[in-house]
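S.K.: Got a structure for you, written out below as structure tokens; questions coming shortly.
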Amino acid sequence: MAEILGLPCIEMDALFWLPGWQQPAEEDFLAKVAAAVSGQEWVLDGNYTRTQAIKWAEVECVVWLDYSFARTTSQSLGRVIKRSLGGQEIWTGTGNRESFWQAFFSKKSILLWMLKSFRRTREKYRALMEEGGGRAFPVVRIGSREEAEELLRGLRR
């Protein structure tokens, strides 16, 4: 989406994760988010609810990828396998890489987190999208890959 619109893409996980999978101090993370969205136009990838007030202060539109449990599980599994096999650094300068051990056998597994939190997270975001953080802005809910492709085709025109 950012590429099509010619805008900078802000990846929330890249702002959050420090080298060695360390988490930043809350004030440092919030300052990074505020600096990242201080530009006039951007596309933001990802979400950390605690940063909502910062991000949504000037937001024009939210595109919510609200995929099914099956789609989310499939994509997460595929991404973990690809990253584990490839061994590539996920966010430049962090040295953070996914591994099979981390993905399948660790208590900190992103797959385990997704499986345990999918329903709760979806309901939380549904409520957030309905209330809009006290601001009126369009929310485009995308429920399938086909809808996402349709949105991107529309942006290319």
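The values are calculated or read from the model by the stated rules, or taken from the named source; none is laboratory data. Please read all numbers here as calculations on a predicted model, not as lab measurements. Using ideal geometry, Cβ is built from the backbone for each residue, glycine included, and neighbour counts are taken over all protein chains shown. Please note that ligands, DNA and RNA were not included when accessible areas were found on the heavy atoms of the full protein model with its side chains. Shrake-Rupley method; radii C 1.70, N 1.55, O 1.52, S 1.80 Å.
S.K.: Can you give the angle from 0 to 90° between the axis of helix 26-36 and the longest principal axis of the chain, with both taken from C-alpha atoms, to the nearest 10?
M.R.: 50 degrees
S.K.: Rounded to the nearest 500 deg cm²/dmol, what is the calculated helix-only ellipticity per residue at 222 nm for the chain, with -39500 (n - 2.57) per DSSP H run of length n ≥ 4?
M.R.: Value at 222 nm, helices only, nearest 500: -15500 deg cm²/dmol.
S.K.: Carbon and sulfur together cover what percent of the accessible area of segment 88-132 at a 1.4 Å probe radius?
M.R.: The computed percentage sits at 57.
S.K.: Relative to the Cα centre, what is the charge dipole magnitude of the chain, using +1 at the beta carbon of each Lys and Arg, -1 at the beta carbon of each Asp and Glu, and rounding to the nearest 20 debye? Mind showing how you got there, number by number?
M.R.: Values: 22 positive and 20 negative charges, 140 e Å.
So the magnitude is around 680 debye.
S.K.: Counting Lys +1, Arg +1, Asp -1, Glu -1, what net charge surrounds residue 93 among other residues with beta carbon under 14 Å of its beta carbon?
M.R.: -1
S.K.: What number does the chain give for Rg over Rh if you use C-alpha atoms and the Kirkwood radius?
M.R.: So for the chain, dividing Rg by the Kirkwood Rh gives 0.95.
S.K.: Quick one: how many Å² of residue 5 are accessible to a 1.4 Å probe, rounded to 10?
M.R.: Only protein atoms counted, so the area is about 80 Å².
S.K.: Determine how large the accessible area of residue 41 is when every protein chain is in place; take a 1.4 Å probe and give Å² rounded to the nearest 10.
M.R.: Here the residue's solvent-accessible area equals roughly 110 Å².
S.K.: Let me ask something else. With just the Cα atoms defining each centre, how far is segment 107-152 from segment 62-105? Give it in Å.
M.R.: Distance between centres, Cα-based: 17 Å.
S.K.: Which of 142, 85, 67 sits closest to the plus end of the dipole of segment 60-157, meaning its Cα is farthest towards the positive end, when Lys and Arg get +1 and Asp and Glu get -1 on the C-beta?
M.R.: Going by the charge dipole, the pick is 85.
S.K.: Now, a different point. Among 52, 95, 7, whose Cα projects farthest towards the positive end of the dipole of segment 3-151, with charges put on the beta-carbon of Lys, Arg (+1) and Asp, Glu (-1)?
M.R.: The listed residue farthest towards the positive side: 95.
S.K.: Could you give the dipole magnitude of segment 64-157 about its Cα centre, charging the beta-carbon of Lys and Arg +1 and that of Asp and Glu -1, in debye to the nearest 20?
M.R.: 200 debye
S.K.: Among the listed pairs 82/108; 32/116; 82/107; 32/124, which have their C-alpha atoms separated by more than 26 angstrom in this model?
M.R.: Going by Cα-Cα distance, 32/116 fall outside the 26 Å limit.
S.K.: With all protein chains present and a 1.4 Å probe, how do 156, 71 order by accessible area, largest first? Don't jump to the answer; show the numbers that get you there.
M.R.: On the way: 156 145, 71 85 Å².
Result, largest first: 156, 71.
S.K.: Which residue fluctuates most in the GNM of the chain (Cα springs below 10 Å): 76, 117, 84?
M.R.: Top of the fluctuation ranking is 117.
S.K.: Same structure again: Under a point spin-label approximation (7 Å from Cα along Cα-to-Cβ), what is the residue 91-residue 49 distance to one decimal in nm?
M.R.: Distance between the two pseudo-spin positions: 2.0 nm.
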